[in-house]
Amino acid sequence: MGLFSKLIWLACLTASFFCMVRGDAHHYDFLLREKNFMRLCSTKSMLVVNDSFPGPVIYVHKGDTVFVNVHNQGNYGVTIHWHGIKQPRNPWSDGPEYITQCPIEPGSNFTYEVILSTEEGTLWWHAHSDWTRSSVHGAIVIYPIEGMTYPYPKPDDEEIFVLGSWYIEDINSLVAEDLETGADTPRSNSYVINGQPGDLLPCSQESTYRWVVDYEKTYLVRIVNAAMNAELFFGIANHSLTVVGMDGNYVKPILSDYLVLSPGQTMDVLLTTNQSLSHYYVAIRQYDSARPDVTNYDQTNATAILMYSGNYTAPNYPTYPSTLPSYEDFRSADRFLDRLRSLASTDHPVNVPLNVTTKMYITVSMNQILCPNESCAGINGNKLSSSLNNISFVNPTTDVLQAYYRNLSGVYTTDFPNWPPSLFNFTQDDLPFNTTVPIQGTKTKVLNYNEEVEITFQGTEVLNASENHPMHMHGYSFYVVGSGYGNFNDSIDPQTYNLVDPLEVATIGVPKNGWVTIRFKASNPGVWFWHCHFDRHLSWGMNTVMIVKNGDTPETSIPPPPANMPTCKGPYLTWIEDFDDSNGEVN
């Protein structure tokens, strides 16, 4: 074989190997438009994908790439985020509005390139603009690579439960008004399972979601908490659940009669159908960690029905799960969450960073923005707010990613602090007034490529408003190496860290008046959003942006943006044409 032929053969072999590593390509079309839905005895119009609520399921294998062409035929701009998918070197398709892109305006479309890497299990997609994700969301099912198996016996079948929030009125209109006046944002009117409230709620009996199972089978149940502002207890009457995965990663199997999921989290559980042939409720209710005297949260109990196949007389009413904890049962929540560990096997190892180069200590607080003459509708006549390290994030008028890539000034600053501006007893009651008013700004944290980072999130009792905060990180998963109650002690608490099999997730709850420590390696260059996954807290500013610089090679750097990125309506409508593709490191 001649040299030229050998080179051609080698190139073809290399291309074939590359395709094998990258996996298959899948193509989906998402059509966003308004549709009428009836729940709780009233009808409303809301934006959905492909006329369904929840939206379509994306099915892929580990390492695949998905192209999703989003056609917006709605009435306002929208973006889509692929929650828990790392998108290596591809922040352009991550989706958060004004962070990595501007909205897809009505009458236009944008094709997302969703690149999977190490994820395996269940994740999800959702809108990431305003509160549109309440109706625009769906599951992502990621099977093992072809020819590989689960790290547990293969189930006979599987089922998906997407848990959500239902609002009788137009939620975006209500939230826009509340953000203008500074008032508290609306509570949901009910929770839903696969889009339905269940037959315990008005006008819902006929539409209750029903799941038919066969006796003595094992089912893989994929659960997504797409609720807007609530951690949820989940249970199935008379059936135990074996948790085997969380946030697209496997965990050591644990057996439990109930689950706890924060907004944004997903779980994979095994269910064995070994009970008497009958009907059993699948039920969810809120786990509320706020002050006991605050009781205006959504106290509905949403249900679906598990029905055995076969010849038997159906009961008048399904059995309700007696083991589902009550709304404020934090001890049951803690007992469940404390048991979760990474699988940490030969085939699914952990890689906890051990040479930390950057340490951050970030307070997570509720706040108030002062209004002249106490003229606003929030607490003390001021606007409700929230913060990280006393910085309440403000969305810019163009997205941070484009500004970073094009080296535009005036869009953001790079001075998000590693430490709170002042130290005090963060968890004491009745903290002084000067702790309650944050600084507003678009401040980002810049990291060098491959830095090993440790962040401790500290919950605070500012405004006597401490509660759990589910913090979500875009572009990465991370290891949860430690957590506890009270103020973090830098000399004592690190001695308790789990560096052997810590949980690897993309969303983790910061305990009420407590702390959680995570670690990750900054090996994914780009602009990535950090935020609380309670949308009310996100809307009030409990967010920041992490900019990870490029590495030294093209393979460790951000590629140029797609040609069809949505344009912004702000002051930079035409600046894309005014700059070349060179990448400034900081703004």
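The values are calculated or read from the model by the stated rules, or taken from the named source; none is laboratory data. Not measured: the values here are computed from a predicted model. Neighbour counts run over all protein chains shown; Cβ positions are idealised from the backbone, glycine included. Protein only, heavy atoms only, side chains kept; ligands, DNA and RNA dropped before computing areas. Shrake-Rupley method; radii C 1.70, N 1.55, O 1.52, S 1.80 Å.
The table for this structure:
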{"read-out": "Selection from region 537-565 of residues that are surrounded by fewer than 21 Cβ atoms within 10 Å (Cβ to Cβ) and touching a Pro at 6+ places or on another chain (Cβ under 9 Å)", "value": "K549, N550, G551, T556, S557"}
{"read-out": "Test result for N395, under 25 Å from the mean Cα position of the chain (by Cα) and within 30 Å of R341 (Cα to Cα)", "value": "no"}
{"read-out": "Single residue of F336, F330 found to be under 28 Å from the mean Cα position of the chain (by Cα), under 22 Å from T272 (Cα atoms) and among the aromatic types (F, W, Y)", "value": "F336"}
{"read-out": "Residue pairs meeting the criteria (Cβ under 8 Å; at least 6 apart or on separate chains; first without any contact (Cβ under 8 Å) to a residue 40 or more places away in the chain and farther than 14 Å from K521 by Cα, in region 532-551; second of a type outside the set (S, T, Y) and buried (at least 24 other Cβ atoms within 10 Å of the Cβ))", "value": "L538/H531; L538/C532"}
{"read-out": "Test: residue in region 207-220 that is more than 28 Å from H472 (Cβ to Cβ) and small (G, A, S)", "value": "yes"}
{"read-out": "Qualifying position, being within 21 Å of H83 (Cβ to Cβ) and at pLDDT 95 or above, among V446, V480", "value": "V480"}
{"read-out": "Residue, farthest from L123 (Cα to Cα), within region 265-296, restricted to residues that are of a type in the set (D, E, K, R) and surrounded by 16 or more Cβ atoms within 10 Å (Cβ to Cβ)", "value": "D288"}
{"read-out": "So V350, is it open to solvent by 10 Å² or more (accessible area, probe 1.4 Å), modelled with pLDDT of 95 or more, touching a Ser or Thr at 6+ places or on another chain (Cβ under 6 Å) and farther than 22 Å from M542 by Cβ", "value": "yes"}
{"read-out": "Region 443-454, residues that are hydrophobic (A, V, I, L, M, F, W, C) and either open to solvent by 10 Å² or more (accessible area, probe 1.4 Å) or farther than 15 Å from W528 by Cα (or both)", "value": "V446"}
{"read-out": "Pairs where the first residue, in region 318-340, is free of Cβ contacts under 8 Å to residues at least 60 places away in the same chain and the second is open to solvent by less than 50 Å² (accessible area, probe 1.4 Å), C-beta under 7 Å, 6+ apart", "value": "Y327/R285; Y327/Q286; Y327/Y287; Y327/D288; E328/D288"}
{"read-out": "Residue within region 501-522 that is under 25 Å from the mean Cα position of the chain (by Cα), crowded, with 22+ Cβ neighbours inside 10 Å and more than 29 Å from I254 (Cβ to Cβ) present", "value": "yes"}
{"read-out": "Residues of region 250-264 classified as crowded, with 22+ Cβ neighbours inside 10 Å and either touching an Asp or Glu at 6+ places or on another chain (Cβ under 6 Å) or acidic (D, E) (or both), total", "value": "1"}
{"read-out": "Failed criterion for V480 (all others in (1) open to solvent by 60 Å² or more (accessible area, probe 1.4 Å); (2) farther than 15 Å from V545 by Cβ hold)", "value": "(1)"}
{"read-out": "Some residue of region 329-337 being among the aromatic types (F, W, Y) and closer than 30 Å to S134 by Cα", "value": "yes"}
{"read-out": "Residues of region 398-423 satisfying the condition of being in a loop (DSSP other than H, G, I, E, B) and surrounded by 15 or more Cβ atoms within 10 Å (Cβ to Cβ)", "value": "T398, D399, L408, V411, Y412, F416, P417, P420"}
{"read-out": "Residue in region 455-466 that is open to solvent by 20 Å² or more (accessible area, probe 1.4 Å), in contact with a helix residue (DSSP H, G or I) (Cβ under 7 Å, 6 or more places away or on another chain) and not aliphatic (A, V, I, L, M) present", "value": "no"}
{"read-out": "Check on Y150, open to solvent by 30 Å² or more (accessible area, probe 1.4 Å), within 30 Å of I115 (Cβ to Cβ) and of a type outside the set (D, E)", "value": "yes"}
{"read-out": "Tabulated pairs, region 289-300, first closer than 13 Å to A465 by Cα, second in a loop (DSSP other than H, G, I, E, B), C-beta under 6 angstrom, 6+ apart or interchain", "value": "S289/E467; S289/N468; S289/K512; A290/E467"}
{"read-out": "Count of residues meeting criterion [surrounded by fewer than 21 Cβ atoms within 10 Å (Cβ to Cβ), within 27 Å of N90 (Cβ to Cβ) and not polar (S, T, N, Q)] in region 41-63", "value": "6"}
{"read-out": "Filtered residue count, region 399-458, keeping only those that are charged (D, E, K, R) and within 18 Å of S385 (Cα to Cα)", "value": "2"}
{"read-out": "Those residues of region 47-88 which are out of contact with any strand residue (DSSP E or B) (no Cβ under 7 Å at 6 or more places or on another chain) and among the charged types (D, E, K, R), in sequence order", "value": "K86"}
{"read-out": "Condition broken by P432, with the remaining ones in (1) surrounded by 13 or more Cβ atoms within 10 Å (Cβ to Cβ); (2) modelled with pLDDT of 95 or more satisfied", "value": "(1)"}
{"read-out": "Members of region 365-387 that are of a type in the set (G, A, S), in a strand (DSSP E or B) and in contact with a Cys (Cβ under 8 Å, 6 or more places away or on another chain)", "value": "S386"}
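The rows are residues; the columns are (1) of a type in the set (S, T, N, Q); (2) touching a residue at least 60 places away in the same chain (Cβ under 8 Å); (3) open to solvent by less than 50 Å² (accessible area, probe 1.4 Å).
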{"residue": "G164", "(1), (2), (3)": "no, yes, yes"}
{"residue": "D170", "(1), (2), (3)": "no, yes, no"}
{"residue": "E177", "(1), (2), (3)": "no, no, no"}
{"residue": "V192", "(1), (2), (3)": "no, yes, yes"}
{"residue": "G198", "(1), (2), (3)": "no, yes, yes"}
{"residue": "E206", "(1), (2), (3)": "no, no, no"}
{"residue": "V213", "(1), (2), (3)": "no, yes, yes"}
